[in-house]
Amino acid sequence: MNYKIALIKGDGIGPEVVNEAVGVMEAVGKKFGHTFEFVDVLLGGCATDAVGKSYPDGTAEKCKACDAVLLGAVGGPKWGSDKPAEQRPETALLAIRKDLGLYANLRPAALRPAMADACPLKKETAEKGIDLMMVRELTGGIYFGKRDKYQTEDRGLEATDLMAYSEKEIERIGRRAFELARLRRKKVSSVDKANVLETSRLWRSVMHRLADEYSDVQYEDVLVDNCAMQLVRDPGQFDVVVTENMFGDILSDEASMVTGSIGLLPSASIGDTAPGLYEPIHGSAPDIAGQDKANPIATILSVAMMFRYSFQRAEEANAIEAAVDAVLAEGWRTPDIAEPGVTPIGTKEMGRLIREHI
Ligand code: NAD
């Protein structure tokens, strides 16, 4: 197959980690007989510097003409909150996700076997293994609801944020979760606050309907406060966890921390028709940019997700994940994950070793 990939290298360590991921893609292409056409897309602080805005005209169209989008990271102190919105990198990130209709955010939190010591939880908890997929609704709920701030007569200023969800929005994210569970260990945990919120009660009723339809998948309701506790008590119990936007924002960060390092975790944002967007969960790490110190593994594992979810190529995805695990098992570490006494290697060397294993 020939795949056309949009590359948004972005700012800080973005170009360094994307370059290694591209090298891995090419190695996979050689092994499995695929070719790639790469299209560089300017977005973020670097776009502000080049053309005066972080989200240049035509960006979404360029991406839509590709099969998938790989993003490094954007942002940095140079383009801070004192700048107008159209020059800020965050504006571009929200815009591209919205324009591509990416309503499902997939964040796996898996403890890689060789990194079990990096897990901050009790040894016996880590030993049970952690391999869950957080599925977060990305374009609805309180982050996109009507907001207001107004003066009251006797209580000073008051502010409101509206959380709204339609059956249609809940059903499409729910279906994603059940379909994903079928590719994994066939369990869905749906997180809500149905004992308090009306939106959660609607959420739960739609999920129950889907659970009947996907009767081969085990299903459970989990209240969000209980989920927060269970993620540190026994994360091994979860397979696919599906939840609304704000709960997902918080829980996915919690889930990623139990696996140890920010430099190892990939993510995918997908919609129904447009190309999926794949990116590491970390930011542009300006403190280490340009020093060959960044860990490229999160971006490389994002490419594995691209093969699995955009191209339905599980074998290629497995090959990338196996190569990463093999390099880690041999003891190779970038500075962010190096145990005391271990001499770390650089970004490029880590990329080279993973390519070699493929
Ligand atoms: P960050 O993730 O960039 O960095 C946090 C810490 O983790 C830093 O010490 C950094 O050196 C380290 N780190 C991150 N990725 C690493 C990697 N691959 N290898 C080794 N170490 C790594 O978060 P931050 O410092 O809060 O944000 C920096 C900039 O990134 C900000 O401008 C922020 O807005 C932006 N950001 C962008 C995205 C994105 O592009 N999706 C996400 C988060 C933050």
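The values are calculated or read from the model by the stated rules, or taken from the named source; none is laboratory data. Everything numeric here is computed off the predicted structure, so don't read it as measured data. Glycine also receives a Cβ, built like all others from the backbone with ideal geometry; neighbour counts cover every protein chain displayed. With ligands, DNA and RNA removed, areas are computed over all heavy atoms of the protein, side chains included. Shrake-Rupley method; radii C 1.70, N 1.55, O 1.52, S 1.80 Å.
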Condition first: within 11 Å of the ligand (Cβ to nearest atom), open to solvent by less than 40 Å² (accessible area, probe 1.4 Å), at pLDDT 95 or above and not in a helix (DSSP H, G or I). Can you find one or more residues in region 305-327 that meet it? no
Give GLY52, GLY58, GLY75 a once-over and let me know the one that is on the phi > 0 side of the Ramachandran plot and either free of Cβ contacts under 8 Å to residues at least 12 places away in the same chain or basic (Lys, Arg) (or both). GLY58
Can you tell me which residue among ALA116, ALA110, ALA6 is within 30 Å of ARG352 (Cα to Cα), modelled with pLDDT under 95 and in contact with a helix residue (DSSP H, G or I) (Cβ under 6 Å, 6 or more places away or on another chain)? ALA116
The residue that is farthest from the ligand (Cβ to nearest atom), considering only those in region 257-283 that are small (Gly, Ala, Ser) and open to solvent by 10 Å² or more (accessible area, probe 1.4 Å), is ALA274
Here are the criteria: (1) away from the ligand (no atom under 16 Å from the Cβ); (2) farther than 27 Å from SER200 by Cα; (3) more than 20 Å from the chain's Cα centre (by Cα); (4) small (Gly, Ala, Ser). Tell me which single one ALA60 does not satisfy. (3)
Residues in region 10-39 that are surrounded by 24 or more Cβ atoms within 10 Å (Cβ to Cβ) and in a strand (DSSP E or B): how many? 1
Only one of MET229, MET207, MET246 is in contact (Cβ under 8 Å) with a residue 12 or more places away in the chain, farther than 28 Å from LYS78 by Cβ and surrounded by fewer than 17 Cβ atoms within 10 Å (Cβ to Cβ). Can you tell me which? MET246
Breaking point among (1) in contact (Cβ under 8 Å) with a residue 24 or more places away in the chain; (2) open to solvent by less than 40 Å² (accessible area, probe 1.4 Å), for GLY80: (1)
Tell me whether region 257-268 contains one or more residues that are under 17 Å from the mean Cα position of the chain (by Cα), over 21 Å from ALA21 (Cα atoms), at pLDDT below 95 and in a helix (DSSP H, G or I). yes
